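Q: Got a structure here, written out as structure tokens. Questions coming.
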Amino acid sequence: MSDGKSGAGGPGGLGPPSARIAGVGAAFPRHFYDQETLLAALRGYWEQRYFNLDRIEQLHKNVLVGGRHLALPIEEYPGLTTFGQTNSAWIRVAEEIGGEAVMAALARCGLTVRDIDALFFVTVTGIATPSIDARLINRLGLRSDLKRVPIFGLGCVAGAAGIARAADYVRGFPDQIAVLLSVELCSLTLQRQDLSIPNLIASGLFGDGAAAAVVVGAERAVALASRRPALATALATDLLGAPGAETPLGPEIVATRSIFYPNSERVMGWDISETGFQIVLSADVPKVVEDHLRADVDACLGARGLTRGDIASWVCHPGGPKVLAAMEQALATPEGALELTWRSLREVGNLSSTSVLLVLERTLAERRPPAGSLGMLLALGGGF
């Protein structure tokens, strides 16, 4: 599955902007450990049960992750013996860092919680009823008439798909603002009784974090600009589809696309057991990328008279080293095009749906594309 978005002020023929990503923010649990510390803890769990501890160490080195944030202090994990215990911890931490991520995203674009008309919440690492988006109404002081859309089960693709769904919403309600929130606490899904290779890989690859993106409808964008006269002319010009200066309201979402690959249910996902979420992770994931990604991206771009050569910025989900290498080969990206994606993997690991939003945040902050350029945001996830 892939979802594409363009940079601000797309070229002629793409139509007037209908949604903009006004701000992206991230938040992490305060507990961070380097990979050696995490490996030592896992050795303690498994040294009496797994005959080849060197194999675990090699798997951890292969994922090229330097360290990860954990929802809880590392010494508290052995005490979590039931799904109820881990999920209760998930609710508590998800509410905390989810709220921080929303506030960070709003701060980036000068908005407040009272400006939010719709909140989309995505996750695959815990469950709650009322869902986290509902719990944030009291915590953050959100409006009581807020439209809430909790989405569970998309896995790593949910960051990209969530952006697309928020864009769909503000196209229908162009005078409104939607926020996408992703919270993933992968460490709370680790199955210490599972000695399968997929679980051992997951124990070294996945980390914890949250990210949020503010998506603004076209009419609301004009209204926001009118509150800041110095920006009004540039923004109004850009919204008419003419080449214009970069605006602080961020990149336009030109188009989105989703692809489902039949019979891919066992490539990536969860099995639900008495102890919680047991990972399904096939060695075929890189092959899925090699077999399908180029044609799907080319079809998405070709429908708009574009090619991969027109893309200036690639914002990709850091699924893992083999997946990223397959992406680079399939898309023939220029050298260094996925540098921020590789860096995110190295610094914090794979954060499931949160990761691609984190890469987007870093792209806008550190390598903001020039006005009029195009970018593509894409991710793969469970069910493909």
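What follows is calculated from the coordinates using simple rules that are stated; it is not laboratory data. What you see is a predicted model; the values in this text were computed from it and never measured. For neighbour counting, all protein chains shown are included, and Cβ atoms are generated from backbone atoms with ideal geometry for every residue, glycine included.
Q: Let me check the size of segment 48-191 from its C-alpha atoms; what are the radius of gyration and Dmax in Å?
A: Just the Cα atoms of segment 48-191 yield Rg and Dmax of 18.0, 61 Å.
Q: Related question: Could you list Leu188, Leu357 in order of exposure, starting from the residue whose Cβ has the fewest other Cβ atoms within 10 Å?
A: So the residues, fewest neighbours to most, are Leu188, Leu357.
Q: Do the sum for the chain: with -39,500 (n - 2.57) for every DSSP H run of n ≥ 4, divided by all residues, what is the mean residue ellipticity at 222 nm, to the nearest 500 deg cm²/dmol?
A: Mean residue ellipticity at 222 nm (helix-derived): -12500 deg cm²/dmol.
Q: Hey, what angle do you get for helix 353-366 against the long axis of the chain, alpha-carbon based, 0 to 90 degrees rounded to 10?
A: For helix 353-366, the angle is close to 50 degrees.
Q: Give the total of Lys-Lys pairs in the chain with Cα-Cα distances below 30 Å; include a pair only if its members are 8 or more places apart or on different chains.
A: For the chain, the number of qualifying lysine pairs is 6.
Q: Count neighbours as other Cβ atoms within 10 Å of each site's Cβ, and list the trypsin sites (Lys or Arg not before Pro) in segment 78-168 that are DSSP loop with at most 14 such neighbours.
A: Those that pass, being in a loop and sparsely packed, are Arg143.
Q: Follow-up question, since we're still on this one. When Ile272, Ile259 are ordered from fewest to most other Cβ atoms inside 10 Å of their Cβ, what list results?
A: In increasing order of surrounding Cβ atoms, one gets Ile272, Ile259.
Q: For the chain, what proportion of DSSP beta bridges, expressed in % and rounded to the nearest 5, is antiparallel?
A: Roughly 60 percent of the beta bridges in the chain run antiparallel, per DSSP.
Q: Also: Working from Cα positions, state the angle (0 to 90°, nearest 10) between the long axis of helix 158-172 and the longest principal axis of the chain.
A: 30 degrees
Q: Now, a different point. Can you compute the equivalent ellipsoid semi-axes for segment 266-344, i.e. the square root of 5 times each eigenvalue of the Cα gyration tensor, sorted largest first and rounded to whole Å?
A: With the √(5λ) rule applied to segment 266-344, the semi-axes are 28, 15, 11 Å.
Q: Loop-only check: which GluC sites (Glu not before Pro) in segment 276-384 are DSSP coil with at most 16 other Cβ within 10 angstrom?
A: Within segment 276-384, the qualifying GluC sites (Glu not before Pro) (loop, at most 16 other Cβ atoms within 10 Å) are Glu335.
Q: Where Lys and Arg each count +1 and Asp and Glu each count -1, what net charge lies around Thr81 among other residues with Cβ under 15 Å from its Cβ?
A: Taking every other residue near Thr81 into account, the sum is -3.
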